[in-house]
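The block underneath contains the structure these notes are about, expressed in structure tokens.
The values are calculated or read from the model by the stated rules, or taken from the named source; none is laboratory data. Here the structure is a predicted model, which is why all the values come from computation and not from measurement. Here Cβ is always computed from backbone atoms with ideal geometry, including for glycine, and neighbour counts include all displayed protein chains. With ligands, DNA and RNA removed, areas are computed over all heavy atoms of the protein, side chains included. Shrake-Rupley method; radii C 1.70, N 1.55, O 1.52, S 1.80 Å.
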Amino acid sequence: MSGKWKRIIPVLTSLFMIACTGGNEPEQKETWDLAGKTFYNTVDEYDNLDHARVWFGKDGSFVLTDDFYDGYYEMSGTWSISENVITLNVEKTGVGNYEKVLFEIQDEDTIVLKTMIAGSKSDDVFTTTKPVTDGSGKTNNEPHGTVEWKKDFTITDGHNKYYNTTSHGLDPSYIDLYDDGSFLFVDVVGMGAEQIVGTYGQEGDVLMFSNFTNKFYDWNGEEVYNMEMRIIDNDTLVLMVDLQGSMTGDVFTTSGELPEGLDTWTVHKIFTHTPIEGTPEAFLPTLELNKDGTFVFTENVYAGMAHYRGTWTETAGGYIVCDATDNKELQGFAGQGVETIIFEYAEPNTLMLNTDLCMSLKGDTFNLSIVE
């Protein structure tokens, strides 16, 4: 036997012994449990009160709310993890045409964005610590777990039942919240009803619903992946998503009666012009209705964006009347002399403009795009 084979045999013997005895066990990969968590961008270049954030649902869905120069938008879809990389598969987005967004996991409470999106930059750090800001760019990051929650929201006698105060059917829709974290939502649609079952949790003053046992769809036929309700008080919730029968802004109460002084405009809403050929989505006109009775109408004047500002009211006939006290940015453009802008409802979440402006003309429709 040659010297060459003599050298190989001991090596093979050693490998065989390692295989039989187990040798050194390979290092076990760390598993990450992000389900149910919300991560907040630690920086915000636009001085918004709320930083960009991403929520990972236990059912594999996600919602990313991103701040940018013109407000904020949402993208949603499904998420997955491979080693320490989170992949967001985008199915719906309010800005751009994103298909995937990537994050790198640093630890259980820290992830790093690896995709440039409209408002957040690659390498921005997101953590489970919710930033507290006064809107001036100064941020006070409180320790994780000390963020102010809606302390007056509790489940009593095993469950809380809330009825939709807006009648979209013969009988009111309702939601039952149980103290074990499960829920039953019965959404009345015409003569029938749809049942939605799953689990829920609380994030600040918002109830977030997930782990649905069945698929369900909004009135446009699009599948609903995320459902949220804002807590007004222990007896009052506001729906923040369209369903088949119940709509964004509908108020749910334990009594089934709308509290005095409260209407469907308890929340802040933005309506966006329906798509215009050749106009990027970020430059579509928008109507922003604030719950304090003020409004901002952002109009495309072809040379840029200009704003009408003032106050708004909703009339008994279902009209939204905006009184523009500031229209100076429209000087020199069509619509410069307009002091009153009127909308009427075309559908529950669609407004039709009754006033000629610049790019926006009478008969144009605006769809509800953001509610908070």
Assuming R0 = 45 Å, can you tell me the calculated FRET efficiency for the pair residue 178 and residue 334, based on Cβ-Cβ distance, to the nearest 0.05?
0.20
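If you take the beta carbon distance between residue 110 and residue 83 as r and set R0 to 22 Å, what does 1/(1 + (r/R0)^6) give as a FRET efficiency, to the nearest 0.05?
With R0 = 22 Å, the Cβ-Cβ based efficiency is 0.85.
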Rounded, prolate or oblate for the range 297-372? Axes are the square roots of the Cα gyration tensor eigenvalues, ordered a ≥ b ≥ c, and the cut-off for rounded is a/c under 1.5.
prolate
What is the distance, in nm, between label points placed 7 Å from the Cα along the Cα-to-Cβ direction at residue 31 and at residue 193?
3.9
How much of the pair distance distribution for the range 225-359 lies past 25 Å, counting alpha-carbon pairs only, in percent?
33
Order the following by accessible area, largest value first: 251, 296. Probe radius 1.4 Å; ligands, DNA and RNA are ignored.
296, 251
What is the Cα centroid distance between the range 293-372 and the range 172-205, reported in whole angstrom?
35
